[in-house]
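Worksheet for the structure shown next.
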Amino acid sequence: MSGAQWVTVLGATGSIGVSTLDVLDSSGAGRVFALTARHNVSLLLEQCRRWQPVYAVLVDPQAAAELASQLAAEGSPTEVLSGTDSLSRVACDERVDTVMAAIVGAAGLVPTLDAARAGKKILLANKEALVMAGELFMQAVRENHATILPIDSEHNAIFQCLPEQSRLPGQAAVGNSIRRVLLTASGGPFLELPLEDLETVTPERACKHPNWSMGQKISVDSASMMNKGLEFIEACHLFALPPSQVNVLIHPQSIVHSMVEYHDGSVLAQMGSPDMRVPIAYGLAWPERIPSGAEFLDLVSSADLQFRQPDLERFPCLALGMEAAARGGATCIAVNAANEVAVEAFLAGHIRFTDIPLVIRQTMHQAACREAETVAIILRLDAEARQLANEQLEALARS
Ligand code: NAD
Ligand code: MG
C-alpha cells in the first residue's frame, strides 16, 4: 500500500461510498482525487469540504451547477463536472491509482469498464457491471493489467481464501486447484416469514436487513435473494469458475462471509463482523492490512453459526440468477435489467414483492439470445430488456 495513492470514489454518497471515505479518514490509506454522485448536492458538498478533491462530479447538470456555485463561493479548489462522460474521465485520469466502483446498478458499467481499460486498481462493489459484462470486463482487466479486488463481502472472502497464485485474473486457473466455493447468504429479512405473507410485505420491511445496513436497491435484492443470484454470476466471472463449482448456503448470522473447499477436504472460511469497512479496508490496503474501524469479532458471545440449503420456492429469484449464469451473457443482462425495473416499481409501491420474480422470469424468457461482445451491444440488450420489463409492469397493472 502507498499512503499516497490517489483514489476516485464512484458513488461517493452511497452506503459503500460513505464507508470508503470513513476508512480513508481513519486509516490515511489514500488521498481523494474525485468524488461522484448522481444528484445529492448536500452530501457531496460536505464531502468536498472535508476532502478537497481535484474533481467532484454530479451526473445531473442542475445539481452540478448548484454544487459549483456553492464551492466557488467558499473558495474551494475543487472543479465540478457533470454528465456521465465525466464519471469515466475522473476514473481514467492518469493521476488516479485506485477506483472504488460503488455506483449502484447498470449506471456503473461504463465508468468501471473504462477504469479497467485504463489499467487501474479497481475496488469492485458494483456487481451489476460484472453481471452485465463479465467476459468483456475480465478481458479488459487482463489485457490492460488492471487489478480487480472484490468488495462484495462474499467475493472478498473467497478472494482471501483462494490460493495466492490463482486469485487475480490471468493467473493459474482457480477451477483446478479447488473443489468449489461456498457462497454464503443471510437469507435476508424474510427467511422465516410464512410464505403466504410475502405477497403483502412493504418496501420498508424489505429494506430492513437483519445484519447489514445498505442502499435500498441491494436491500430489496437481499430480501428476494436476487442479490445472491447476481453474486452467483459475479463469482463465476471473477474467479473463472463454472456454475457447478459455486454452491449457495444460507447462513443467517452473516459471520462467515464465504468459504473455499479444497480437494483434500479442507475448507477455508473468512469471518468477521458484518461491516463493509472490512472488505473496503482490505481492498484499499491490499496486499497489506490496515485497521478498518469495524468491531472485532467476539466468537464467544456470537450466536451459534448455522448453515442450511436455500429454499428455491421461497426465493425464486435465486433460481433465476443461477439459471442465467448457466445460460450466459444476454440472459444475465436481461435478468439484471428486469430486476432493476421491478425493484424500482416495488419501491414506488406499484407492484407486490412477489411480482418481482414474475417480471424477471417473463423478461428473461422473451429477451434476445445473442453474443454480448461489445459495450454497444450490451447497452442495447439492457435497453431492450428494460422495455420488455416495463411491458410486464403494464400487464400487471391491467390484471
Ligand atoms: P446506494 O444506493 O447507497 O448508493 C449508490 C451511489 O451511486 C450513490 O452515490 C448515487 O449517487 C450513485 N448513483 C446512483 N445512480 C447513479 C447514476 N445513474 N449515475 C451515477 N451515479 C449514480 O448503493 P450502495 O448500497 O452503496 O451500493 C453500491 C453498489 O455496491 C451496488 O452495486 C451494490 O450492489 C454494491 N454492494 C453494496 C453493499 C452494501 O453494503 N451497501 C454490499 C455489497 C455490494
Ligand atoms: Mg454481498
> According to the Cα gyration tensor, what semi-axes, each the square root of 5 times an eigenvalue, does the equivalent ellipsoid of the range 294-395 have, listed from largest to smallest in whole Å?
Replying inline: 31, 18, 14
> Looking only at Cα atoms, what is the convex hull volume of the range 8-106 per residue, in Å³?
Replying inline: 86
> Membrane-span-like helices in the chain: DSSP H runs reaching 30 Å or more (Cα, own axis), mean Kyte hydropathy at least -0.5?
Replying inline: 375-398
> If you put +1 on each Lys and Arg Cβ and -1 on each Asp and Glu Cβ, how big is the dipole of the chain around its Cα centre, in Debye rounded to 20?
Replying inline: 460
>> Let me check against my output: what whole-number percent is the relative contact order of the chain, with C-alpha pairs under 8 Å and at least 6 apart?
In response: 15
>> If the elastic network links every pair of Cα atoms under 10 Å, which of Glu204, Glu344, Glu384 fluctuates the most in the Gaussian network model of the chain?
In response: Glu204
>> If you take every residue apart from Thr374 with its C-beta less than 12 Å away from the C-beta of Thr374, what net charge results, scoring Lys and Arg +1 and Asp and Glu -1?
In response: -1
> When the accessible area of the range 16-72 is split by element with a 1.4 Å probe, what percent falls to carbon and sulfur?
Replying inline: 48
> Counting DSSP beta bridges with both partners in the chain, what percentage is antiparallel, nearest 5?
Replying inline: 25
>> Over the range 20-141, with the other protein chains present, what is the accessible area per residue in square angstrom, probe 1.4 angstrom?
In response: 38
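Kirkwood hydrodynamic radius for the range 355-399: how many Å is it when counted over pairs of different Cα atoms?
On the way: mean 1/r = 0.0900 Å⁻¹.
Result for the range 355-399, one decimal place: 11.1 Å.
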>> Report the Cα centroid-to-centroid distance between the range 105-121 and the range 305-384 in angstrom, as an integer.
In response: 22
>> Output needed for the range 143-282: three equivalent-ellipsoid semi-axes, defined as square roots of 5 times the C-alpha gyration tensor eigenvalues, in descending order, whole Å.
In response: 29, 16, 14
>> When a/c reaches 1.5 or more, the comparison of a/b and b/c decides; with that in mind, is the range 70-218 rounded, prolate or oblate per its Cα gyration tensor?
In response: oblate
>> I'd like to know which of Pro357, Met276, Thr78 lies farthest towards the positive end of the charge dipole of the chain, counting +1 on Cβ of Lys and Arg and -1 on Cβ of Asp and Glu.
In response: Thr78
> Around Val57, which amide H atoms from residues at least 5 apart in sequence, or from another chain, sit under 5 Å from its own amide H, with H modelled in the peptide plane?
Replying inline: Leu35, Thr36, Ala37, Leu81
> Which residue, Met271, Met132, Met322, tops the fluctuation ranking in a GNM of the chain built on C-alpha contacts under 10 Å?
Replying inline: Met271
> Sequence-distant or interchain residues sharing an amide H contact under 5 Å with Arg180, placed H: which?
Replying inline: Glu261
>> If you average the C-alpha positions of the range 162-234 and of the range 48-97 separately, how far apart do those two centres end up, in angstrom?
In response: 33
>> Can you classify the chain as rounded, prolate or oblate using the Cα gyration tensor, where a ≥ b ≥ c are the square roots of its eigenvalues, rounded means a/c under 1.5, and otherwise it's prolate if a/b beats b/c and oblate if not?
In response: rounded
> Among Pro169, Leu312, Leu130, whose Cα lies farthest out toward the positive end of the dipole of the chain, if unit charges sit on the beta carbon of Lys, Arg (+1) and Asp, Glu (-1)?
Replying inline: Pro169
> Among 330-337, 392-399, 280-287, how do they line up from the highest to the lowest mean number of other beta-carbon atoms within 10 Å?
Replying inline: 330-337, 280-287, 392-399
>> Using the crude model of +1 on Lys and Arg Cβ and -1 on Asp and Glu Cβ, and no other charge, please compute the dipole size for the range 345-399 relative to its Cα centre, in debye to 20.
In response: 180
> Lys/Arg Cβ at +1, Asp/Glu Cβ at -1, dipole of the range 158-277 taken about the Cα centre: which of Ala240, Ser222, Pro252 is farthest positive-ward?
Replying inline: Ala240
> Taking all protein chains as present, what is the carbon and sulfur share of the accessible area of the range 88-218, in % to the nearest whole number, probe 1.4 Å?
Replying inline: 45
> Considering only the range 158-303, what is the antiparallel percent among its DSSP beta bridges, to the nearest 5?
Replying inline: 60
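First check a/c for the range 57-99, with a ≥ b ≥ c the square roots of the eigenvalues of its C-alpha gyration tensor; if it is under 1.5, answer rounded, and if not, answer prolate when a/b is larger than b/c or oblate otherwise. Walk me through the intermediate numbers first.
On the way: a/c = 3.72, a/b = 1.49, b/c = 2.50.
Oblate, because a/c is 1.5 or more while a/b does not exceed b/c.
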>> Can you tell me which of Leu87, Leu21, Leu45 moves the most in a GNM of the chain? Springs connect C-alpha atoms under 10 Å apart.
In response: Leu45
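The values are calculated or read from the model by the stated rules, or taken from the named source; none is laboratory data. The model shown is predicted, which means the values in this text are computed figures rather than measured ones. Cβ coordinates were reconstructed from backbone atoms using ideal geometry, including for glycine residues, and neighbour counts include every protein chain displayed. SASA here: full protein model, heavy atoms, side chains in, ligands and nucleic acids out. Shrake-Rupley method; radii C 1.70, N 1.55, O 1.52, S 1.80 Å.
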